[in-house]
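Trainee: Let me give you the structure first, and then I'll get to my questions.
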Amino acid sequence: MPDKVRCCDRMDYDLTQKCDVHESWFDCPNALIGLVRTGYGLIVHDGGSSVIEIGFCPWCGSKLPKIGEIDLDSAQSPKGER
């Protein structure tokens, strides 16, 4: 994922950490944020792969793009914010 869509070091850490115990990112209790369908969400640890979309970074408070607004193929920032 392009660096410019990550708002702070803590978000970057959470999105790039690796778990040596759990196969799925959604099974790891240390995984808090998920990048899904090119947007951000809090992982719901209920045995599935659900997230709750968030509009602001829980660590720095920056406004986050809505799910579907990050164009990972051609941009390094949310759509419309170049």
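Trainee: Return the total of residues in the range 40-54 being outside any loop (DSSP other than H, G, I, E, B) and surrounded by fewer than 13 Cβ atoms within 10 Å (Cβ to Cβ).
Mentor: Adding up the residues that qualify gives 1.
Trainee: Return the pairs, sorted by first residue and then second, in which the second residue is at pLDDT 85 or above and part of a loop (DSSP other than H, G, I, E, B), the first residue lies in the range 1-20 and is more than 17 Å from PHE56 (Cβ to Cβ), the beta carbons are less than 8 Å apart, and the residues are 6+ apart or on different chains.
Mentor: GLN17/ASN30; GLN17/ALA31; CYS19/CYS28; CYS19/ASN30; CYS19/ALA31
Trainee: Does at least one position in the range 7-22 carry a residue that is touching a helix residue (DSSP H, G or I) at 6+ places or on another chain (Cβ under 6 Å), among the hydrophobic types (A, V, I, L, M, F, W, C) and not in a loop (DSSP other than H, G, I, E, B)?
Mentor: There is no residue in the range 7-22 that is touching a helix residue (DSSP H, G or I) at 6+ places or on another chain (Cβ under 6 Å), among the hydrophobic types (A, V, I, L, M, F, W, C) and not in a loop (DSSP other than H, G, I, E, B).
The values are calculated or read from the model by the stated rules, or taken from the named source; none is laboratory data. This is a predicted model, so every value here is computed, not measured. Using ideal geometry, Cβ is built from the backbone for each residue, glycine included, and neighbour counts are taken over all protein chains shown.
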